[in-house]
1. Could you work out the relative contact order of the range 69-157, using alpha carbon pairs under 8 angstrom and six or more residues apart, expressed as a whole percent?
2. Taking 25 Å as R0, compute the FRET efficiency from the Cβ-Cβ separation of Asp141 and Ser72 and round it to 0.05.
3. For the range 101-180, run through the trypsin sites (Lys or Arg not before Pro) and keep only the ones in DSSP coil with at most 16 other Cβ atoms within 10 Å of their Cβ.
4. Between Ser250 and Ala266, what length in nm is gained on full extension when 0.36 nm per residue of separation is reduced by their alpha carbon distance?
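What follows is calculated from the coordinates using simple rules that are stated; it is not laboratory data. Owing to the predicted nature of the structure, the values given are computational and were not obtained by experimental measurement. When we count neighbours, we look across all protein chains shown, and the Cβ atoms used for this are built from the backbone with ideal geometry, even at glycine.
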Amino acid sequence: MRNDSTPGTGTEAVRPGGQTVSLILGSGGARGYAHIGVIEWLQENGYEIRTIAGASMGALVGGIFAAGELESFKHWILALTRADVLRFLDFSFSSDGLFKGERIISVLRELVGEHDIGELPVNYTAVATDIERQKEVWLSDGPLFDAIRASIAVPTVFTPHEYRGLRLLDGGLLNPVPIMPTLRDRNDLTIAVNLNAMGGDIEARNEDEAQPPAARNVYHQRILDFIENLQRGNRRSVNGRLGLMELVTSSFETMQNALSQIKIAASPPDVLIEIPRSASRAFEFHRARSLIDLGYRCTAEVMAQRRPA
């Protein structure tokens, strides 16, 4: 349920005179960590985030911010290694998707706590896709983590989320930059973050950690190698063709880029912050620090070009 009369950031107090913001956080896998840097810059510079609409990782980061636990989440992801990412993946052994997604949601629930969207101090909408009816679904009430789990269900990677009689998949399938849920807001600025921008030579710093050599058994190491192949794009085959997961993720991101351009052109935001696809691969969830920094820098550069209100 939307509550247009209730301001708040879910975190620290806003400087007097700051502008109110409707913030749109796009989908883009691990690049979604850049959203944290965006939010940090806005808060440090006196902007009051009253509304958030997010798809996929945008829904996850935005929901955790709305719950007032972004700082705890940031500290947690900064400590993640590749091996930690592996531990949070629960194989589904079904044709619906590689992973069930229950383990990571359970960990996040423990970190963030249970929240009802209607009781959050920030107006929040997670966008998902009703795959059977081929329609966009806006989740703006009910349990926060049901909305997040539905919105992050990347096809073939996570199984669909069964919720309210619907089979829901990643919101980025139909709306990777969900501006529409914010159009009736009466805030001073609409700021959208697109994680699928083409061009740019920005490359987040490599954060490969040294793994303890004797810490895992052979079975564990084989699974880790499998996940790392996903993170690296499943390496091209000998004849130069795309590997399976690289084909899936590249196709999905190409579609998201095209859809992002359409959505942004149809409803231009006041401010558009673009994070290039070259910043990281979709599964590089161990690279939080450099991606957060990238989001902060990109926001500072874009906002510096705006004239004072």
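1. The normalised contact order for the range 69-157 reaches 25 percent.
2. About 0.55, to the nearest 0.05.
3. Details: sites: Arg103, Arg109, Arg133, Lys135, Arg149, Arg164, Arg167; in loops: Arg133, Arg164.
Within the range 101-180, the qualifying trypsin sites (Lys or Arg not before Pro) (loop, at most 16 other Cβ atoms within 10 Å) are Arg133, Arg164.
4. Taking 0.36 nm per residue and subtracting the Cα distance, the gain is 3.3 nm.
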